[in-house]
Amino acid sequence: MTSAVLSMSTFVFAQTDSSTYFLQKGIEEKGKGRRMESLKQFEKAYSYNKSNKEAVSELAAAYLDLRRYGQAREKYLQLEQLGDKSDSTYRQLMLLSFNMRQFDDAIKYATQLEKNNPSEKTAFYIGKAFYEKEDLGNAIKYLDAAAKEDDQNAEIPYMVAKAYADMQNYKSAIPYFQKAVKLNPTQSYWIYEMALIYYAANDDQNSLKYMLEAGEKGLKKDNAYMQNLATAYINTGRFNEGVSVLLDILKLRPSDQNVLYTIAEAYYNAKKYDDAINYYDEALRQNKQNADALYMIGMCYQKKGEKQKGMQLCDKAIEMDPSLQSLKQKKEMPGF
């Protein structure tokens, strides 16, 4: 019996010694900048003694250094279970949980970190985590607190702006977009988003202003941007510039129903009914079932004074799509 106990004790000490040996080897390799070799040694140290806090700590840091985030988070969790309640452990758990979209855990460890050390700036991560969880009320609350901790972080007002925009509270979103762009004027996409918010808030002049600024600052001028730019031009009365942009898009996308319809609508609103008919007709030619286009051709003829012909076309469109009847009723209301 005594011999069995001694053998077990000897085995435990051997395991501990082996863990310590490989841990030291890993630290030496780490000091030489040999990251992969140090990782191998730390893994060996851990395999001999999974309760060796220093080995677990070094292994966690090694995984993190090599961007093996899942394994790093697993080891930091184990480190906490082994009794390491340090600021460093909770900080890494907060960051890793957030980056791995474990938002409840990110909030949990950020809160624990702040309890440990009230001087830690955790509100930013808590606010972002709540935003990702679509808890916009708490997101704004913590992000506003984060702004007091760091008033030069442009991402803070940007995230608040996004939260208000997600709630369609455009009036509240705009000043936060303005502050974010002021802090980081190189973010062309933020400027573009602000332009779209101004559009949603029916401020066409500022929408065009920031749409152009976004393009000047390097935003990719893709099809969506160019169509929005054209709309901004037209909405501010710069009709020719807007249509010119749309016609350039049409050269590249000659069968694009949305572009054709947008050009036609622009001409219709400008009371250039013959031009509007041409583009509505092209949209109809490419899609014979486009009842909307046929209906608007009918409206163009009515606006031109050819009421009978226009009404017949509108009625034919309604036969194709009965939902258009509501448009007819609306347009026939007094004062429309």
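The label point for Asp166 and the one for Gln24, both projected 7 Å from the Cα toward the Cβ, are 5.3 nm apart.
With contributions of -39500 (n - 2.57) from each DSSP H run of at least four residues, the per-residue ellipticity at 222 nm computed over the chain stands at -25000 deg cm²/dmol. In plain terms, the chain from Gln308 to Asp222 could stretch by 26.7 nm, reckoned as 0.36 nm per residue minus the Cα-Cα distance. Per-peptide packing, taken as the mean over residues of other Cβ atoms within 10 Å, places 80-86, 56-62 in the sequence 56-62, 80-86 from highest down. When Lys and Arg each count +1 and Asp and Glu each count -1, what net charge do the other residues less than 15 Å away from Gln205, Cβ to Cβ, add up to? It works out to a net charge of -2.
What pairs from Lys182/Lys217; Lys133/Lys209; Lys171/Lys221 go past 23 Å between their alpha carbons?
Exceeds cut-off: Lys133/Lys209; Lys171/Lys221.
Residues considered: Ser244, Ser326, Ser38. Largest GNM mean-square fluctuation over the chain, using C-alpha springs under 10 Å, is found at Ser326.
Here the residues Ser51, Ser97, ranked from fewest to most Cβ neighbours within 10 Å of their Cβ, fall in the order Ser51, Ser97. Helix 136-149 and the longest principal axis of the C-alpha atoms of the chain enclose an angle of approximately 60°. Against the main long axis of the alpha-carbon atoms of the chain, helix 35-48 sits at an angle near 60°. Distance from the Cα centre of the stretch 196-229 to that of the stretch 81-148, in angstrom? Their Cα centres are 35 Å away from one another. Rounded to the nearest 20 debye, the dipole size of the stretch 37-138 about its Cα centre is 140 debye, using +1 on the Cβ of Lys and Arg and -1 on the Cβ of Asp and Glu.
Classify the stretch 267-336: rounded, prolate or oblate, from the alpha-carbon gyration tensor (a ≥ b ≥ c, eigenvalue square roots; a/c under 1.5 rounded; otherwise prolate if a/b is larger than b/c)? Taking the square roots of the gyration eigenvalues as a ≥ b ≥ c, the stretch 267-336 is oblate.
Which one, Asn228, Asn206, Asn116, has the greatest fluctuation when you compute a Gaussian network model over the chain with C-alpha springs under 10 angstrom? Fluctuation is largest for Asn116. For the stretch 169-254, the dipole from Cβ point charges (+1 on Lys and Arg, -1 on Asp and Glu) about the Cα centre works out to 140 debye, to the nearest 20.
Under a Gaussian network description of the chain, with springs only between Cα atoms under 10 Å, the residue in Ile140, Ile27, Ile249 that fluctuates furthest is Ile27. Protection proxy ranking of 277-283, 292-298, by the mean of other Cβ atoms within 10 Å over each peptide's residues and highest first, is 292-298, 277-283. Between the helical axis of 155-166 and the longest alpha-carbon principal axis of the chain there is an angle of about 50 degrees.
Of the residues Thr89, Ala147, Phe124, the one whose Cα sits farthest towards the positive end of the charge dipole of the stretch 85-151 is Thr89 (charges of +1 on Lys and Arg Cβ, -1 on Asp and Glu Cβ, taken about the Cα centre).
Over all directions, the average projected area of the alpha-carbon convex hull for the stretch 85-151 comes to how many nm²? If I average the Cα hull's projected area over directions, I get 4.0 nm².
Taking all C-alpha pairs of the chain, those more than 26 Å from each other amount to 68 percent. Rounded to the nearest 20 debye, the dipole magnitude of the chain is 260 debye, with +1 charges on Lys and Arg beta carbons, -1 on Asp and Glu beta carbons, and the Cα centre as origin.
Read-outs: derived from the displayed coordinates by stated rules, not from any lab. Everything numeric here is computed off the predicted structure, so don't read it as measured data. As a convention, Cβ positions derive from the backbone with ideal geometry for all residues, glycine included, and neighbour counts pool all protein chains shown.
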